[in-house]
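Data first, discussion second: the structure below is written as structure tokens.
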């Protein structure tokens, strides 16, 4: 008797549970998501323009684009988990450095044909095109560009007796200018970096190495080049800025929040940052600033080609429309919207028409973008962008602790073992 | 004859049913949020399981790798160091505060509330608050140090591994000590005052009363508080993630931080699971030892 009741209760519970899952099943499988919307994931750092762009599309298309903004710091994890679980978006705007990784794992749709048919194919940023290619196939289109340059405070340059129209063009000139600016006052600093930020240091430090003729990875991404003489020179350059006292104490532990704020406060002479910072400073309208290319040891210049690519996901429910949107995003209308919102366009064929006329300083950024470079690796995140990864660790220890040779040797080992362990 | 018999049976059955009904939600929750993920974790730890892409069975290879993983070893050593610093600080301060607010003096209630207040602040929020306070050039802690002659406004507290850890330990103490106080207070209040009075009449001093009467009677609570605080410290993550970001130069990466990096920066979920399983074994062993030590000395 007792047993039978327990059984009955059990059966009841089971049926309730089944009912529950049945409801859940039908709920998650909403019909219609394939008919009229394309879902787009972007990072919160793109908040300023991504909705304006979606609105521009939605105004004259029947298919609507729905934007979801994901926190920048968690984008890779969130997108990776969602893609693995089949709950990802139709279209994703992805930081180009992660493209080889996502392409290699098969979560992105192969859009080689679409890319090859674009009439302005060769006008798209070369670095973006390279990063979107995996095993000869194309998995994304260039979307937004970023370039790393040197921002300098013209007011402080004048005060220190430096020519505000002649920014430094090699390591020695930066070191001496920083020293003169530091001498202006107790709270005035010459040069600041974000010493504990991976993204910042791949973006701002590698250009010095490239401009001096070196590199950080071999072209195929299979060998780390952390222990090369060009890296030593660049580390020595940063170390000197620190030992001279030109760098503030916060630089050692800055994860990227202090560096721009310091420049905005008007108490920092020079800092390497990206194109995104220019509209911010323009809006502030407090600091009289100039923009210069990041130089190599004895001159020359280079830039990191950053920004985003836009990709259709493998599990996209609305592939045809998603592809149409992705193509539209590289077109003149969309790229003009980006330019007007302070983003460097990826169309080198249009840049002089839609971007550089907006601000004389944009010319430096446009040129930097066109010859920008990006390390290609499926483990870029673990090598460079990880705030505790080998790249940041090497820079941090070399610059602030001083044993450059040891930092390079250990950095090289750690980086190579990450590359070797990659699947 | 049969009727009352059946009624008692069915009453028993009903009670049993009620019992099942009442425990089911809890069991379902535990199954869903503990047992299922736990078994999945163990299963994943036996695989090469990237975040995206194919996984394959590799047996105990992850565990063998973990034993030679120098980065994980460094993280574990740091975690132990952190635990050894935090636990006594929290414990002594918690006990001192509990003794202070134990008696029903005026204001005791008020101070109880004040000491307890930080406990209700979220750990991440508290970490951000302290991160700001100790930020060089802008934080009030630098100003204070300047006035007291302990340092200058431009001192970067997070630039040295020891000072960075001490700032985190201070934050955690401020945040958690109230809870320890409250737990110890309930323990203290369960000790009958007669015992203490008897000791006093027998001529025991304050210190002797504390050492030979109160502490032994407090043992069950001590066990609870210690297990609590050691487990919490061994699982530390948020405070370091927010305040030091693992720096300077990776010197403040805890075991859980390393698991996070393995899983979500290197995307090796399988290896991350293996590290989690190892951490869990250590945690279970440490807690069991603590409980055993504090119980067996009872006899």
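FYI, it's all coordinate maths here, none of it is from the lab. From a predicted model like this one, the values you see are computed outputs, not experimental measurements. Because the Cβ atoms are built from the backbone with ideal geometry, glycine has one as well, and the counts that use them run over all protein chains shown.
Is there a simple number for the mean count of other chain Cβ atoms within 10 Å of the Cβ of residues in B:102-108, and what is it? Could you put the intermediate results ahead of the total?
Details: counts 0, 0, 0, 0, 0, 0, 0.
Across B:102-108, the average partner-chain Cβ count within 10 Å equals 0.
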Label point distance in nm, residue B:15-residue A:55, each placed 7 Å from Cα along Cα→Cβ: 6.8 nm
For the range B:51-78 and the range A:170-243, distance of Cα centres in Å: 34 Å
Helix A:2-28 vs. chain A, principal-axis angle (Cα, 0 to 90°, nearest 10): 50 degrees
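Note the full-extension length gain between residue B:80 and residue B:96 as 0.36 nm times their separation in residues minus their Cα-Cα distance, in nm to one decimal. Display every interim value, and only then the final one.
Working: separation 16, 0.36 × 16 = 5.76 nm, distance 2.44 nm.
So the chain would gain 3.3 nm between residue B:80 and residue B:96.
Show me the three semi-axes of the equivalent ellipsoid for the protein assembly as shown, from the C-alpha gyration tensor (sqrt of 5 times each eigenvalue), largest first, rounded to whole Å. Mind dumping the intermediate values first?
Details: eigenvalues 532, 293, 109 Å².
Value: 52, 38, 23 Å, ordered largest first.
Sort B:98-107, A:272-281 by packing, meaning the average of other beta carbons within 10 Å per residue, with the highest value first.
Details: B:98-107: 13.5, A:272-281: 20.6.
With the highest mean Cβ count within 10 Å placed first, the list reads A:272-281, B:98-107.
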Ranking of B:206, A:129, B:16 by count of other Cβ atoms within 10 Å, fewest first: B:206, B:16, A:129
Rounded to 10°, Cα long-axis angle of helix A:390-400 versus longest principal axis of chain A: 30 degrees
Distance (nanometres) between label positions extended 7 Å along Cα→Cβ at residue A:244 and residue B:43: 6.0 nm
Antiparallel content of DSSP bridges confined to the protein assembly as shown, in %, to 5: 75 percent
FRET efficiency for residue A:298 and residue B:71, using Cβ-Cβ distance with R0 set to 30 Å, rounded to 0.05: 0.20
0 to 90° range, to nearest 10: angle between helix A:171-182 axis and chain A longest Cα axis: 80 degrees
Ranked list, fewest to most other Cβ atoms within 10 Å of each Cβ, for A:144, B:254, B:83: B:83, B:254, A:144
Average other protein chain Cβ within 10 Å of Cβ, residues A:247-259: 5
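Looking at chain A, send over the antiparallel percent of its DSSP beta bridges, to the nearest 5. Please list the in-between numbers first.
Values: 30 of 42 bridges.
Within chain A, antiparallel bridges account for around 70 percent of the total.
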Number of partner chain Cβ atoms within 10 Å, mean per residue of A:110-122: 0
Computed [θ] at 222 nm, deg cm²/dmol, chain A (DSSP H ≥ 4; -39,500 (n - 2.57); rounded to nearest 500): -13500 deg cm²/dmol
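When the helix-only estimate is applied to chain B (DSSP H runs of n ≥ 4, each -39,500 (n - 2.57), divided by the residue count), what is the mean residue ellipticity at 222 nm, nearest 500 deg cm²/dmol? Don't skip to the end; give the middle numbers.
Values: 14 runs with 210 residues, N = 299.
Here the helix-only value at 222 nm equals -23000 deg cm²/dmol.
Which of the peptides A:108-120, A:233-245, A:308-320, B:17-29 is most tightly packed, and how do the rest follow, judged by the mean count of other Cβ atoms within 10 Å per residue?
Numbers: A:108-120: 15.4, A:233-245: 19.5, A:308-320: 21.6, B:17-29: 11.2.
By packing density, highest mean first, the sequence is A:308-320, A:233-245, A:108-120, B:17-29.
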Label-point separation, residue A:72 to residue A:184 (7 Å along Cα→Cβ), nm: 2.6 nm
Sequence of B:214, B:253 once ranked by neighbouring C-beta atoms within 10 Å, starting from the fewest: B:214, B:253
